[in-house]
Amino acid sequence: MNGIGIAERHYRDEIAPALKDRRHAAALLGPGSEVLGYDDEVSPDHDFGKRVQIFYPDRDTVGQFFAAHLGFDPGAALGTADWLLTPTQILASLTRGAVFHDPDGHLASYREKLAWYPDDVWRYALAAGWLRVGQEEAFVGRTGATGDDLGSRILTARLVRELMRLAFLVERRWAPYGKWFGRAFGELAVAADLKPRLEGALAAPNWRERERLITEAASGLAERTNALLLGDPVDPAPRQFYERDIRVIGADRFTVALAREITDPLLHGLIDRLGLRHGHIPRLPGTIDQAVDSTDVLSSPERFRAAAPLLGIDLHLVGREAV
């Protein structure tokens, strides 16, 4: 039996009878591989024991529980800055798992609020994701052509990771942290098309093959980005990088198209303050996951909330939904 099954049986057989008529909600949420459904015979229960969370409405324990993981209570307020500062692993851990009892719908209400980004935040995250691709996509060929095969391989791996992150955004799925990132990616609908190309790029013996497979994968994601109708469609076909013998997708074109459609005044102001590169490409640090790659930061609400200035956010104004 997997961890969620163990928790549910523990609740049904032991906890619920003991609570009798005491009004409560019960769930298994938060950290732990079993919350995501990825535990196995090595770790059938991540905390090595039966566990269930019990929430009492007269103690506001639902709000306290979510605030402990997020650094704020989404039942009270959920602003643009909160979305930008919350790691997707945290959001996955609170919206997945299992709810065993929720008579008042409090848990459902909180989880629904965290289900996915508002459209403009979604546009911003996608724009920043494509920007990250655009900043390095030409380097696979550039390093390879100079004889730096190791550098070309490293850049390929970085681009594979960025394209996988974009795939989660395209499919409206919160990406988990590194241990389960590849497994969760394999569950996405787009993985059937992308995964063979990304695996091929990582295994390719030369930079030409890496470049071809990366641009093919990026082109497929570009088509899916267009299909979201979050911005004007952009030609998804690979193209030459200026006059050089290098092929790219021209990923920053999607950054421009998506950012152009953002009307949220807070995000719009952030984009204006960060300025433009080459006169037309927004400088976007993105969400906390796109700007920071530290487990110690991304696992601590105190630390990831304090990283607001890295994203261009005025930390003193976060509580008032200003950036």
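Please compute the Kirkwood hydrodynamic radius of region 137-245 from all pairs of different C-alpha atoms, in Å with one decimal.
By the Kirkwood definition, the hydrodynamic radius is 14.5 Å.
Using every alpha carbon pair in the chain, what percent of pairs falls into each 20 Å bin from 0 up to the bin containing the largest distance?
29, 53, 17, 1
Cross-link candidates for Lys50: which aspartates and glutamates have Cα within less than 18 Å, leaving aside residues fewer than 8 places away along the same chain?
Glu8, Asp13, Glu14, Glu34, Asp39, Asp40, Glu41
Under 5 Å between amide H atoms, partner at least 5 residues away or on a different chain: which partners does Arg277 have, H built in plane at 1.01 Å?
For Arg277, whose amide H was placed from the backbone, the distant partners under 5 Å are Arg283.
Which of the lysines could be linked to Lys179 by a straight reach, that is with a Cα gap under 21 Å, when you skip same-chain ones fewer than 8 residues away?
Lys195
Provide, in order from the shortest bin, the percent of all Cα-Cα pairs of region 3-113 in each 5 Å bin, continuing until the bin that contains the maximum pair distance.
P(r) for region 3-113, in whole percents per bin: 2, 12, 22, 23, 19, 13, 6, 2, 0.
Tell me, in nm to one decimal, what length is gained between Ala306 and Met1 on full extension, where the rule is 0.36 nm per residue of separation less the Cα-Cα distance?
Contour length minus Cα-Cα distance gives 105.8 nm.
Could you give the nm distance between label points at Arg12 and Ser109, where each point is 7 Å from its Cα heading toward the beta carbon?
Computed distance between label sites Arg12 and Ser109 equals 2.8 nm.
Using the beta-carbon distance between Glu171 and Ala77 and R0 = 35 Å, what value does 1/(1 + (r/R0)^6) give for FRET efficiency, to the nearest 0.05?
Given R0 = 35 Å and the Cβ-Cβ separation, E is 0.80.
Which of the chymotrypsin sites (Phe, Trp or Tyr not before Pro) across region 221-285 are loop residues per DSSP, with 11 or fewer other Cβ within 10 Å?
Sparse-neighbourhood loop chymotrypsin sites (Phe, Trp or Tyr not before Pro): Tyr242.
For region 174-301, taking Cα atoms only, what is the radius of gyration to one decimal and the Dmax to the nearest whole Å?
Rg and Dmax of region 174-301, Cα atoms, are 16.8, 47 Å.
Ranked highest first by average number of other Cβ atoms within 10 Å, how do 68-76, 276-284, 215-223 line up?
215-223, 68-76, 276-284
Over the chain, calculate the relative contact order: mean separation of alpha carbon pairs under 8 Å at least 6 apart, over the residue count, as a percent.
The value is 19 percent.
Bear in mind that the values in this text are calculations on the coordinates, not laboratory data. This one's a predicted model, so the numbers in the text were calculated from it and none came from an experiment. Backbone-built Cβ (ideal geometry, glycine too); neighbour counts: all protein chains shown.
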